[in-house]
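Worksheet for the structure shown next.
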Amino acid sequence: MAEERVGVYICHCGHNIAGTVDVEAVAEWAADLPNVEVSRHYEFMCSSLGQELVEEDIKTLGLTRVVVAACSPHMHERTFRGACERAGLNPYLFEMANIREHASWVHAVDKEGATEKAKALVSAAVHRVVHHTPLETMKVPVEPTTMVVGGGIAGIQAALELADAGYKVIMVEREPSIGGHMAQLDKTFPTLDCSACILTPKMFDVGAHPNITMLTYSEVEAVEGYVGNFVVTVRQKARKVITDKCTGCGTCWEKCPIRVVDDVYEAGLGYRKAIYRPFPQAVPKYPVIDVESCTYYKTGKCRACQMFCPTEAIDFDQQDEVVDYKVGNVILATGYEQFDARRIPEYGYGRLANVFTSLEFERMVNATGPTGGKIMLRDGVTEPESVAIIHCVGSRDRRYNQYCSAVCCMYSLKFAHLVKERTGAEVYNFYMDIRTPAKGYEEFYHRLLEEGVRFVRGRVAKVTDAARGPGEEGKLIIQCEDTLIGKQRRIPVDMVVLSAGMEPRHDAEEIGHLFGISCSVDGFFIERHPKLDPMATMTDGIYVAGVCQGPKDIPATVAQGAGAAARVLGVISQGEVALEPIRAEIDEEHCSGCRICNTMCPYSAIDYIEELQVSRVNPALCKGCGTCVAACPSQVITGAHYSYDQVMAQIDGILIDVNRPVTAEAEVAAD
Amino acid sequence: MSNQNGNTKPKLALYWASSCGGCEISVLAIHEKILDVAAAFDIVFWPCVMDFKVKDVEALADGEIDVCLFNGAIRNDENAEMAHLLRRKSKIMVAYGSCSMEGCIPGLANFTSRDAMMQFIYHNSPSTDNPDGVEPDPDWAFPEGPAPLPKFWNTVKTLDQVVPVEYYLPGCPPEAEWTETLVMAAAAALAGEGELPPPGSVIGNKDTVCDECPRTKNEKKIKRFYRPYEIVPDPDTCLLEQGIFCAGYATRSGCGALCPQVNMGCRGCYGPNEGVDDHGARLITGLASVLDAKTDEEVDAILDTLPDPAGYFYRFGLAHSMLHRTDVAHAPKRDGN
């Protein structure tokens, strides 16, 4: 260890680091750290010239360890490991110090402090790296089947890309039909394509594709394994309908006497039966029995559906099926939930009858919806003469969600157009900013301006039915500051549409936990890199697509679905994946068999060997999380690349007093 | 190897610093083997047993003592002075027993400060009767002349935090077989008939008490802890699994798992197993791993059934742990050492 020769490279990252950290001083100071052979600084270490600098020094100076102080290892650890490898050095003899995210960016106002911290981080890396040992990656074959979780447009796109490329796909959808939110929409902005017309062929393709196994009315219960070799446990909820016999004729739901408000597909605006198919174009075509509402499950009587079913497809005793699937990769496309407008009481949704949510309005304007496409007040007969559309409901609002939901401006414009087209009513858009950044969107906005839609800039304070004058009686009054004229306005209307934003699924956190990925503060899944790797996640083999990763419109969702599929195809076509050699290992000679680690492993990678009375880690299952390493009371479990010596040396290194000359370090013992 | 008495036997010294005396007795627990020791060594200093004076030690040449078994922690000037003196006079310095090796019970004083302890002992404890508020005065003088008392330290230290140490003999007190092993190995080596283990070695096993414990170990999930009087434990199953705190899982073996075999959880007196720096940290991390709890509230509820966790985890190892007095704002200033 004492004879290691460490090369230290401090990256300027343009002004990103050098603008705050005195990189020259850090490089000069680091040259005196123990074992450091050479210490340099360079403008862009990640450039080919920067990498060549490292390679050259390894060859000419005989470096045995390399430290690059630059950005996050998430960004460039692979880059520099590659440089080491090309020069003949085991890539795991490299260590990265993050002096950008951890120093220059977070201490931009304190140059001196940032420089001191950079020195400490470099010292930590230098102290650590001499304890590194060469490690070899392990190659494992990739199961070519992919699981797509979520049957909305993102999942559909991803599944079709993979299936068309010739690989098997297992699609898991929670609802009885695939289609997702897009299936509920009438028109899509800005082209006003019929949503169903462009979606249903794809749904049909998924259902009919020989490479796709579709598991609707199903949920993932457990996930085990690792990239290339996951085992996913899926619970297929009992439909109470034998799909092999069912023809989808519809007799059952015609005969069913129980009518239930359809909160999912019709957004609460319409009804379905206790046995139902969510919508006419549903894929698969088979209905399900909602056992909560069905009379048979309450009283043991009725059985109307069973009696009338021409193919005897109703099976009241059908049980859930739990099946394990072996898949190599997983694409999560779990979508979103609409912001619950009840949470903003001043807008009156749920209290004032003629306040609608955007999803209700989507169903209303849909030709197959509850009103047959007619725009009507809650009474079901009156056509409104004036409609207010309130933007940013639950979005861009510190009380609820800070983020912009990205689609509301455009669908609000679409609503305005549809109201104009179908009723001739006066339409007011209450907006903060109109955001129309994609292709053809701004043109659509201009078209609306020409159609005579009114735009009032300002966040609506409240919606009320308390009239103050004769013109307001029987109306809903929008109270709002019109910020363009600087005046408070009260605008009476017949109907209010709340353009509610997108929110993560209520159980996104749990789903993330199941698949070993995390959610951002907003609750959306975190991608591996927001710009350069938006489909992958920090867990190898788990990809994300669509709104579950963040608000986006249909084109972006489709692009991400296809992109995620492309990433998966890349892994499949390699045939095998290299697993990081960062794994736990138990020193069996010194394991006392206390079994404390046995229940700790989240990947069930630890076995207890009864005959030897020791525990053992299965290297193929271990993901190197370190839980057992921390748990082991006798410290005989070592995490490769995170050994006790390495971590303690790193701590010793970071606690160095950077304001002393390095040579005085040994004196810091006194207590 | 002869001295002024013409005695060629190697010289043995035994001393106690801050300790209970149990280690002194444990030396005698080797029973009749003590005669072998007496035959093999010339005992030059053992104030507990024979009448030696400090000046007898001072009269020896540096390095003249071959083996010194030093028990007890270092918590005042006198302890330190004797540690330095015996170190200077000895070839092989052995930290004998938990107090000198790890701090042991005296080391628990490091959870508080000297001043707080003095306040309690001389003024506030329920049994104290000290109407004049007398406290020990290190600089006390009688009219006839000064009679200084050893100055009490704020921080209890282990022997190796004060002087270099060759070997460690763990235990509270050490088991007789290991005392015998060490002393006879030293005698053999000094007679040129064997080799001593490398300096810095701990004389004992390398693994944990679980290794020697005959109880059956299963996967563990602990819902609550019991004190030994609260339940009658199953004699064949791991005590920890039954909710009785047992430090065996993180404690060096060598004792033969004596306590667990009589239904008492291991106290941890042999300190951490080979390679572990901080006994308490490992006890905590191991125990935290097997609590059957999902929420903070559940964790708290389970830990509420474990009285005095600091005492359980650091009963023996506090002075030697990584838990130094880093809280400068609240730790009293140190002097006297």
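Taking every DSSP bridge with both residues inside the range A:353-512, close to 40 percent are antiparallel.
Helices in chain A that qualify as membrane-span-like (whole DSSP H runs, Cα extent of at least 18 Å along the helix axis, mean Kyte-Doolittle hydropathy of 0.0 or higher) are A:195-208, A:408-423, A:554-574. Taking Cβ atoms as reference points and 13 Å as the exclusive limit, the residues near A:Asp507 contribute a net charge of -4, counting Lys and Arg as +1 and Asp and Glu as -1. On a per residue basis, the convex hull of the C-alpha atoms belonging to the range A:226-364 measures out at 163 Å³.
The Cα atoms of chain B define a convex hull whose projected area, averaged across directions, is 21.5 nm². Taking the DSSP beta bridges with both ends in chain B, the antiparallel portion is around 25 percent. Averaged over the residues of A:594-603, the number of partner chain Cβ atoms lying within 10 Å of the residue Cβ comes to 6.
Ranking of B:Trp140, A:Trp105, B:Trp16 by neighbouring Cβ atoms within 10 Å, starting from the fewest: B:Trp140, A:Trp105, B:Trp16. Peptide B:206-217 shows a mean partner chain C-beta count of 5 within 10 Å per residue C-beta.
Taking trypsin sites (Lys or Arg not before Pro) as exposed when their DSSP state is a loop state and no more than 12 other Cβ atoms lie within 10 Å, the longest site-free interval of chain A runs over A:1-300.
Can you tally the net charge around A:Ala238? Count Lys and Arg as +1, Asp and Glu as -1, for every other residue whose Cβ sits under 14 Å from the Cβ of A:Ala238. My count for the surroundings of A:Ala238 gives -3.
Against the compact-protein benchmark of 2.2 N^0.38 Å, the Cα-based radius of gyration of the range A:479-518 scales to 2.23. Within the shell defined by Cβ-Cβ distances under 9 Å, the residues around A:Lys475 carry a net charge of -4, with Lys and Arg each +1 and Asp and Glu each -1. At 0.890 mPa s and 25 °C, plugging the Kirkwood radius over alpha-carbon pairs of the range A:251-319 into Stokes-Einstein gives what diffusion coefficient in µm²/s? My calculation gives 197 µm²/s for D.
In the structure displayed, which of A:Lys414/A:Lys531; A:Lys187/A:Lys531; A:Lys168/A:Lys240; A:Lys139/A:Lys168; A:Lys245/A:Lys414 lie more than 32 Å apart, Cα to Cα? Too far apart for the 32 Å limit: A:Lys245/A:Lys414. The Cα-based radius of gyration of the range A:474-614, divided by its Kirkwood radius, gives an Rg/Rh of 1.26.
Per residue of peptide B:283-290, the mean number of Cβ atoms on other chains within 10 Å of the residue Cβ is 6. A P(r) calculated from all alpha carbon pairs of the range B:1-104, with 5 Å bins opening at zero, reads 3, 12, 23, 27, 19, 11, 4, 1, 0 percent.
For B:Lys206, a cut-off of 28 angstrom between C-alpha atoms picks up these lysines, skipping any fewer than 8 places away in its own chain: B:Lys33, B:Lys91, B:Lys157, B:Lys217, B:Lys220, B:Lys221.
Taken over the range B:209-306, the percentage of Cα pairs per 10 Å bin, counting from 0 up to the bin with the maximum distance, is 17, 48, 31, 4.
In angstrom, the C-alpha Rg and Dmax of the range A:1-77 are 12.1, 35.
Cβ-Cβ distance of A:Gln479 and A:Glu37, R₀ of 60 Å, FRET efficiency by 1/(1 + (r/R0)^6): the value works out to about 0.25. The range A:477-494 and the range B:58-85 have Cα centres separated by 90 Å. Return the percentage of antiparallel bridges among DSSP beta bridges fully within the protein assembly as shown, rounded to the nearest 5 %. Of those bridges, close to 45 percent are antiparallel. Stretched out straight at 0.36 nm per residue, the stretch from B:Glu297 to B:Gln261 would grow longer than its current Cα-Cα span by 9.6 nm.
Taken as Cα centroids, the range A:329-364 and the range B:19-41 sit 83 Å apart, rounded to the nearest whole angstrom. The order of A:Met147, B:Met117, going from fewest to most other C-beta atoms within 10 Å of their C-beta, is B:Met117, A:Met147. Here A:Ile582, A:Ile198 are placed in order of increasing Cβ neighbour count within 10 Å, fewest first, which gives A:Ile198, A:Ile582. Overall dimensions of the range A:549-671, expressed as equivalent-ellipsoid semi-axes from the Cα gyration tensor (√(5λ), whole Å, largest first), are 38, 29, 13. With all pairs of separate Cα atoms included, the range A:133-279 yields a Kirkwood hydrodynamic radius of 17.6 Å. Largest mean-square fluctuation among B:Lys91, B:Lys53, B:Lys221, in a Gaussian network model of chain B whose springs join Cα atoms under 10 Å apart, belongs to B:Lys53. Panel values: the range A:360-444, Kirkwood radius from alpha carbon pairs, Stokes-Einstein at 20 °C and 1.002 mPa s, translational diffusion coefficient 153 µm²/s. Highest-first packing order for the peptide set A:514-524, B:96-106, B:180-190, A:157-167 is B:96-106, A:157-167, B:180-190, A:514-524, based on the mean count of other beta carbon atoms within 10 Å. What the Cα convex hull of the range A:298-449 gives, in volume per residue, is 260 Å³. Translational diffusion coefficient of the range B:138-280 (Stokes-Einstein, Kirkwood radius from Cα pairs, 4 °C, 1.567 mPa s): 71 µm²/s. Taking one equal scatterer on every alpha-carbon of the range A:583-639, how large is log10 of I(q)/I(0) by Debye at q = 0.12, 0.20, 0.27 1/Å? Evaluating at q = 0.12, 0.20, 0.27 Å⁻¹ gives log10 I(q)/I(0) of -0.20, -0.58, -1.12.
Taking N as the residue count of the protein assembly as shown, its C-alpha radius of gyration divided by 2.2 N^0.38 Å amounts to 1.25. Given the range A:301-373, report the % of alpha carbon pairs whose separation exceeds 17 Å. It works out to 73 percent of all Cα pairs.
Each reported figure results from applying straightforward, stated rules to the coordinates on display, with no laboratory input. Keep in mind that this is a model prediction, so the values were computed, not measured. Neighbour counts are summed over all protein chains in view; Cβ atoms, including those assigned to glycine, are modelled from backbone coordinates with ideal geometry.
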